[in-house]
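Some notes on the structure that comes next.
The values are calculated or read from the model by the stated rules, or taken from the named source; none is laboratory data. This is a predicted model, so every value here is computed, not measured. Neighbour counts run over all protein chains shown; Cβ positions are idealised from the backbone, glycine included. Keep in mind that these areas ignore ligands, DNA and RNA; they rest on the heavy atoms of the full protein, side chains included. Shrake-Rupley method; radii C 1.70, N 1.55, O 1.52, S 1.80 Å.
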Amino acid sequence: MASSGAGARGAADPPCIQALEELPWVERYRPKSQNDLAVQKKKIEEVETWLKTHIFQRQPKQGGSVLLLTGPPGCGKTATLQILARDLGLQVQEWTNPLSLDFTKEDLRNMFGHDSNFHTFPSQAQAALFQDFLLRANKYNKLQMLGESSENDKKLILIEDIPNQFYRDPGSLHEILRSFVRRSRCPLVFIISDNFSGDSNQRSLFPTEIVEELCICNISFKPIAPTNMMKVLNRIAAAEASMNRENYTLDRSSLELLCRGCSGDIRSAINSLQFSSTKGCSLEKEFWSKKKKSSTIKCDETGVSKVRKKSKCDTSEDQEIQAIGGKDASIYLFHALGKIIYCKREAVSEAECPQLPAHLSGHRRDTLLIQPEEIVEKSHMSGSMFNLYLHQNYVDFFSDIDDIVRASDYLSTADVLCSNWSARLVMESYSASVATRGVIHSNTSRAFAHQQGGMGFRPLHKPQWFLINKKYQENCIAAKSLFSSFCLPPECLQTELLPYLAMLANPMRNQAQIAFIQDVGRLPLKRHFGR
């Protein structure tokens, strides 16, 4: 008698179907067309326009071109490029980092026996292999497999796995790219996943001067929008349900909660969906059933304001999101800054507010809706760096000069906490706490919930410290080379010797030295750095 159920279907399925069912959902439901992509249509159009311009409209003597796709992990960068390349009929030649073999000939002889004979051993550096790959990929087409069409020889080179050597020495990558742009006849595409802080791989590998020199185009992807992510998850859930798989089906509210926990990462969302829907996974089944029961009775306490209820619900949901393997919530840098500077509060009645002594009554504040330490942690940025951005932008949100003075005192204290290098790593979290809470508390114009309307949008800016520090480093190098005969450190040259030489009528005969002294040794009476 024939048996029924999943076991019988699995026994009758051919091997290819069984192999497909064993694939992770991320691979099984990989997008096959532009309509399947969860990426913004504008970003797809930007990449497609760039590919058409630099491949099909390329001039005969035009050099190579470089495209840089950046964005957080799981935002569809690689999938977008692969689908567009297939739609345009392009060959994609991708670089993969070779395995690093750290064994010597003697090590191999000890493992395999002294009779083994190893004549040669590959020990080329990754940078040399990478340069050789670019040369060959630019010169030769990829091998045509059986059944593939060889009519179109248009191609692009894809670099997603960047050799580690370039992170230690970005200059070697820049020299390779200069040579590539001069001699290449096909485009080169880099895909780099950023983190949520300002210190990204893009900044170290592709500084502004290299981007401008080589005319590198940068298309930045954003995290997947919740609406687009919901469409993908609903499509996958419907496909699984149509196959009569005995999985646990999630409702719409559960899918929305799952999307929130993945911070715009579509891969993480699909993996969490598969994990939560797995048959026999009692932990997730119990979790979602509890969510359904508690959703109707949550936050129904009387006598509490709506803002407080919403805040408590959001906090509890954020904590429960992690129970299904969700991705750690992260906040972009300027979003985190906005939360600190705007410092939203909830109104507290006189009865609920603790009474302060008369001499401390000026320090009374409504309850914050945020935890500053959590905001800094989710920005994935060091405390000292976050303080720099806060120091640059806080003044525009204050209306009283006395408040600015108090906030600057807190920022100075935060700087002192990080001044000792031996304890800096330990004290950075304390420093960020002092700076953020000090700025929030000092702003009396936003001390109470009823005062927080009407400010509107105000732009945030990059710290001027980066420009000043860059100029300082350049001056140190120039001072060391121009005044090497004085045998002084660059700091002493600029703070002690050059101001003295600037007061002399004709201190040097070298025009380069004179120009440098006039630039460094004399401070103008008025110098306003632009924001």
Qualifying residue in the range 41-49 (condition: modelled with pLDDT of 55 or more, part of a loop (DSSP other than H, G, I, E, B) and either out of contact with any strand residue (DSSP E or B) (no Cβ under 6 Å at 6 or more places or on another chain) or within 24 Å of ALA237 (Cβ to Cβ) (or both)): no
Subset tally (residues that are at pLDDT 90 or above and open to solvent by less than 70 Å² (accessible area, probe 1.4 Å)) for the range 418-443: 12
Unmet requirement for CYS215, which otherwise passes all of (1) under 23 Å from LEU67 (Cβ atoms); (2) modelled with pLDDT of 85 or more; (3) open to solvent by 20 Å² or more (accessible area, probe 1.4 Å); (4) within 19 Å of the chain's Cα centre (by Cα): (4)
Filter result (open to solvent by 30 Å² or more (accessible area, probe 1.4 Å), in contact with a Ser or Thr (Cβ under 6 Å, 6 or more places away or on another chain) and among the aliphatic types (A, V, I, L, M)) within the range 349-390: LEU369
Inter-residue pairs, beta-carbon under 7 Å, first in contact (Cβ under 8 Å) with a residue 24 or more places away in the chain and within 18 Å of LEU417 (Cβ to Cβ) and in the range 375-387, second in a helix (DSSP H, G or I) and among the charged types (D, E, K, R), 6+ apart: SER382/GLU428; GLY383/GLU428; SER384/GLU428
Residues located in the range 246-256, provided they are of a type in the set (A, V, I, L, M, F, W, C) and either open to solvent by 10 Å² or more (accessible area, probe 1.4 Å) or modelled with pLDDT under 75 (or both): LEU250
Lone unmet requirement of (1) open to solvent by less than 60 Å² (accessible area, probe 1.4 Å); (2) modelled with pLDDT of 65 or more for LEU108: (2)
Qualifying residues in the range 258-276 (those that are open to solvent by 10 Å² or more (accessible area, probe 1.4 Å) and modelled with pLDDT under 80) - the one farthest from LYS77 (Cα to Cα): PHE275
LEU417 hydrophobic (A, V, I, L, M, F, W, C) and within 30 Å of SER263 (Cα to Cα): no
Criterion violated by SER481 - all others in (1) open to solvent by 70 Å² or more (accessible area, probe 1.4 Å); (2) modelled with pLDDT of 80 or more; (3) within 34 Å of the chain's Cα centre (by Cα) satisfied: (3)
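From ILE370, ILE375, which residue is in the same structural domain as LYS339 (by the TED database), assigned to a loop (DSSP other than H, G, I, E, B) and under 27 Å from the mean Cα position of the chain (by Cα)? Let's see the steps before the verdict.
Numbers: ILE375 fails: assigned to a loop (DSSP other than H, G, I, E, B).
Result: ILE370 is the single residue among ILE370, ILE375 that is in the same structural domain as LYS339 (by the TED database), assigned to a loop (DSSP other than H, G, I, E, B) and under 27 Å from the mean Cα position of the chain (by Cα).
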